[in-house]
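The values are calculated or read from the model by the stated rules, or taken from the named source; none is laboratory data. Given the structure is predicted, the values throughout are model-derived calculations rather than measurements. All Cβ positions, glycine included, derive from the backbone under ideal geometry; neighbour counts span all protein chains shown. These accessible areas exclude ligands, DNA and RNA; they are computed on the full protein's heavy atoms, side chains included. Shrake-Rupley method; radii C 1.70, N 1.55, O 1.52, S 1.80 Å.
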Amino acid sequence: MIHSLPNYIDMKVGLFIPCYIDQFYPQVGIATLQLLEKLGCEVSFPLNQTCCGQPMANSGFASSSKGCDKNFVGNFRGFDYIVGPSGSCVLHIKDHLKDDDRPGEAEHIRKNIYELTEFLTDVLKIEKLDASFPHKVGLHTSCHGQRGLHLSSMSERNLPEFSKPEKLLGMVKGLELSHPARTDECCGFGGTFCVFEEAVSVKMGKDRIAEHAANGVEYITGYDESCLMHLEGILKRMNSNIKAIHIAEILNSNA
Amino acid sequence: MKTMKHAEAAAQFISDEPRTDWHNETLWFVRQKRDKASHGLPEWEQLREWASQIKHHSLSHLDQYLVEFEKNAKANGVTVHWAANGEEHNRIVYDIIQKNNVQRIVKSKSMLTEECGMNEFLHSKGIDIVDTDLGERIVQFRNEPPSHIVLPAIHLKKKDVSDTFHEHLHTEKGNNDPQYLTEAARIHLREKFIASELAITGVNFAIAETGGFVVCTNEGNADMGTHCAKIHIACMGFEKIIPKAEHLSVFLRLLARSATGQPITTYSSHFQKPREGQQMHIVIVDNGRSKQLGRADFRNSLKCIRCAACFNTCPVYRRSGGHSYHTAVAGPIGSILSPNLDMRANADLPFASTLCGSCSNVCPVKIDIHDQLWKWRQVLVAEGYVDTTKKVGLKGMAFLLAHPSLYRFAGKAGRTVMRLFPWLVNNKLNPWYKQREMPAPPKESFREWYLKNKQS
Ligand code: SF4
C-alpha cells in the first residue's frame, strides 16, 4: 500500500541484481523490486546484466574485467538512478567502473548508483515503512557498505554515530534489533578470500555467529548477500536455528 | 627451508582453536584500549590529518631534510653513515664493532635491524647481540622472529614464557607467575646492561632542524643500554625524518594511543649528542625505500610510524598470528611493504586480507592500507606472480560475465555453474564446502522470475 503518492514517482530506476543474487537468492531481488515499486519508483531490470566485475578485480584481474564493465554500462545507461541490494558490488562500480568508449555514461552510473538502504535513506528519504517482522534480529555490518559507502559510522573513527540500515530496521513493526559485541568486525567472506584463505575465512564467520547467537537472535540480517551467504553456509553446517536474511526481505515483509 | 604461504601457515595456527581465540581476544583488547584513548580526544581526526600531511611533506622533501639532519647531527658530534641496503647497514655496524673491539652488545627494539637480518649476520661473524626488549628477549631465546612489531612475543602464553625462562634463565619449572618471570628477566637484563660496551637502538623520529632523534620504549631499555655503553649506534630507515621538533607534539600523541592506548609512551628519549667519551653513530638506511617512494600508488606506505594499530585491528592478523606473514613486519602494513622488497616471495601477502578497511581507519598517519592491498594485487597479477590455476579460473569467469547469454547458459546448465562460481562445488576437496553448506539452488533465477511475472 502506498500511503500518499510521493513526488519521486517519475524517477527511473535501473535495478541492479548482482550475479549470485540472480542465481541463488532470487527472493532478494524480488523483495528489492517490490519494495522500490511500493515506494513509487518506476523500476526496470535490464535483461542483459551479469556482474559488477568485483570478483575478478579483487583478485588482481581488474584489467580482465573490461568486457564486464562495458556490458554494465550498456545495461545501465539512461537511468536516473541505479539501485542494487549489495554494498560491495555497488562500491565496486562506484570506485572502478570504466568504459573508454562511453566515459560520460560510465561516470553518470558511478555517481548515481546506490546501495538499497542508502537509496531509501538519502534519495527517497523514507521516514516510515509499512512493514512488520516480529523477530529478534542481529545486524551484520558488512565492511564495504560501511567503510566504503559510509552506510553507518565506524567503530575506529572518532566521528558522530549513525546507521542507515539501522534507521530503516527501526521502522519495522515488531522487530527487535541487536548488535554483536564487536559491532563492525568483518565476517571473513572477502570475495575469493573465502576459498583461498578458507581457514581464516570460516573462523571469522564462526566468531561473528557466536556473538549474534549470544544475543539470542533468530535472524542475522545485512545489506550484503555475499556475507550472508557465507554466514548461512556456516550456520547450516552447524545445524543452527539462526537464519540469514537480506534486509530487503525484512523491509518488504508484511507478516 | 621453504617458507609456508600465508593461507597454509594461518590454517596451521587456527588448528589450535582455543589458542587462536586467546590471541584474537588479547589483541582485540589492545584495539579497544586504542579506541578508548582515541575517542577521548576530540581532536583525534585532526591529529591524524596533520600527521599524514607532515609525513607527506617530509617524504616530498627528503633530499632537503636528510641532508639538513646529517649536517646538524654532525655538528652535534654524531657520526652519520648511509646504507643503500640491508647488507651495507649490517657491514657498517659490524665495522664499528670490529674497530672498537667490543664484545658485549645490547639492542633495544629496532624493526629495521630485523628487516636487515642484522642479528643473524652478526651471529655468523661470531658476535651475539642481546635483545633487551622483554618480548624480543623471549623470542630471541626461542630462536624465533618477533610476531608483532610492538608486542614481539604476543603469540606466546605465560606457560611458554615460563618454559623458555626455565631453560635459559633456570627459573622454577612450572612457575607461570608474570611477576616472578618479569623479575627474573629484569635481573638477567640488568647484568647485560651494566656490562654492555655497545648499545644499538632504533629511531622513532629523526628531527632535521636539530639533528636529534627520539626513541620510544615502555621498558626504558633503550636508555639503560645507551647510558651504560660507550658506543651508541642508532639505526633508522630514511622515512623516520620529520622537519621540526614541534612536529613531535603531533606524533607522540598519536603513537602510544594508537599502539597501546597509553596517552604517551613511558619513555620518549631524546638523543642529541654523545656524552663525553661516548661515540654516537646514526646509520640511515634505504633498503628499497627509494624504490617504494617511486611507486606512486605505494609511496604513502612510507608514512608508517610502526604503531601496529593496523595489526591489532586486523581480523585476519588476529586469527593467523604474525609468523604466518613470514616477513619482519607482519600485518596489513607488512603486506604492502614486503612486496616492494621481494615480489615473488611475498606475492601471497596482499591476498591475506578481506579488504575490510579497518586498518586504514585506525592508521594514525592515514595510510590507505586496504586500497594499497588491492593495488598490489593488480601489480602482482600483471607481473605474473599469481599461480596459473587462479589465472585460468578468473579469466574464464571474466569472459563469461562479459557475455550475458553465455552467463545465462552457464547458470541454467547446472554442471557449468561451477565455471561461474568455482567455489560452489559440492565435494570435500572444495574449500567452500569443507566447513560451509552451499546455497540451495532455487527453482528459477531472478531474471527468469522477472520475465514470467513482470514482462509479458
Ligand atoms: S600502517 Fe599505520 S596503523 Fe599500521 S603500523 Fe604503520 S602507522 Fe601504525
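Key figures
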| quantity | calculated |
| --- | --- |
| Qualifying residue in segment B:34-51 (condition: part of a helix (DSSP H, G or I), open to solvent by less than 30 Å² (accessible area, probe 1.4 Å) and touching a strand residue (DSSP E or B) at 6+ places or on another chain (Cβ under 8 Å)) | no |
| Residue among A:Val123, A:Val90 that is among the β-branched types (Val, Ile, Thr) and closer than 20 Å to B:Asp371 by Cα | A:Val90 |
| Per-region count, segment A:169-188, residues within 7 Å of chain B (Cβ to nearest Cβ) and either touching a residue at least 60 places away in the same chain (Cβ under 8 Å) or under 18 Å from B:Pro350 (Cα atoms) (or both) | 2 |
| Any hit, segment B:207-220, residues being among the polar types (S, T, N, Q) and open to solvent by less than 10 Å² (accessible area, probe 1.4 Å) | no |
| Residues located in segment A:230-241, provided they are among the small types (Gly, Ala, Ser) and buried (at least 23 other Cβ atoms within 10 Å of the Cβ) | A:Gly233 |
| Filter result for B:Thr266 (under 30 Å from B:Leu380 (Cα atoms) and among the polar types (S, T, N, Q)) | no |
| Matching residues, segment A:154-168, being among the small types (Gly, Ala, Ser) and away from chain B (no Cβ under 11 Å) | A:Ser163 |
| Filtered residues of segment A:98-133 (kept if part of a loop (DSSP other than H, G, I, E, B) and touching a residue at least 40 places away in the same chain (Cβ under 8 Å)) | A:Leu124, A:Ile126, A:Glu127, A:Lys128, A:Leu129, A:Asp130, A:Ala131, A:Phe133 |
| Check on B:Val203, among the aliphatic types (A, V, I, L, M), under 27 Å from B:Pro263 (Cβ atoms) and touching a Ser or Thr at 6+ places or on another chain (Cβ under 6 Å) | no |
| Checklist (1) without any contact (Cβ under 8 Å) to a residue 60 or more places away in the chain; (2) part of a helix (DSSP H, G or I) applied to B:Ile97, failing item | (1) |
| Flag for A:Asn58 being away from every other protein chain (no Cβ under 14 Å) and of a type in the set (S, T, N, Q) | no |
| Helices (runs of 4 or more DSSP H) fully within segment A:1-92 counting 3 or more residues that are in contact with a strand residue (DSSP E or B) (Cβ under 8 Å, 6 or more places away or on another chain) | A:26-38 |
| From the options B:Ala153, B:Ala184, residue that is aliphatic (A, V, I, L, M), more than 16 Å from the ligand (Cβ to nearest atom), surrounded by 14 or more Cβ atoms within 10 Å (Cβ to Cβ) and part of a helix (DSSP H, G or I) | B:Ala184 |
| Wholly within segment B:261-363, helices (runs of 4 or more DSSP H) carrying at least 1 residues that are within 10 Å of the ligand (Cβ to nearest atom) and surrounded by 22 or more Cβ atoms within 10 Å (Cβ to Cβ) | B:309-313, B:331-341, B:358-362 |
| Extreme residue, farthest from the other protein chains (Cβ to nearest Cβ), among residues of segment A:221-247 that are in contact (Cβ under 8 Å) with a residue 60 or more places away in the chain and within 17 Å of B:Pro315 (Cβ to Cβ) | A:Gly222 |
| Selection status of A:Ala244, part of a strand (DSSP E or B) and either among the acidic types (Asp, Glu) or open to solvent by 20 Å² or more (accessible area, probe 1.4 Å) (or both) | yes |
| Single residue of segment B:14-23 satisfying the filter (crowded, with 20+ Cβ neighbours inside 10 Å and within 8 Å of chain A (Cβ to nearest Cβ)) that is nearest to B:Ala352 (Cα to Cα) | B:Ile14 |
| Residue in segment B:304-326 that is within 14 Å of chain A (Cβ to nearest Cβ) and among the charged types (D, E, K, R) present | yes |
| Some residue of segment B:82-91 being in contact (Cβ under 8 Å) with a residue 24 or more places away in the chain, part of a strand (DSSP E or B) and under 30 Å from B:Ile231 (Cα atoms) | yes |
| Test: A:Leu47 is facing chain B (nearest Cβ under 9 Å) and surrounded by fewer than 22 Cβ atoms within 10 Å (Cβ to Cβ) | yes |
| Residue list for segment B:162-181, restricted to those being hydroxyl-bearing (Ser, Thr, Tyr), in a helix (DSSP H, G or I) and open to solvent by less than 30 Å² (accessible area, probe 1.4 Å) | B:Ser162, B:Thr164 |
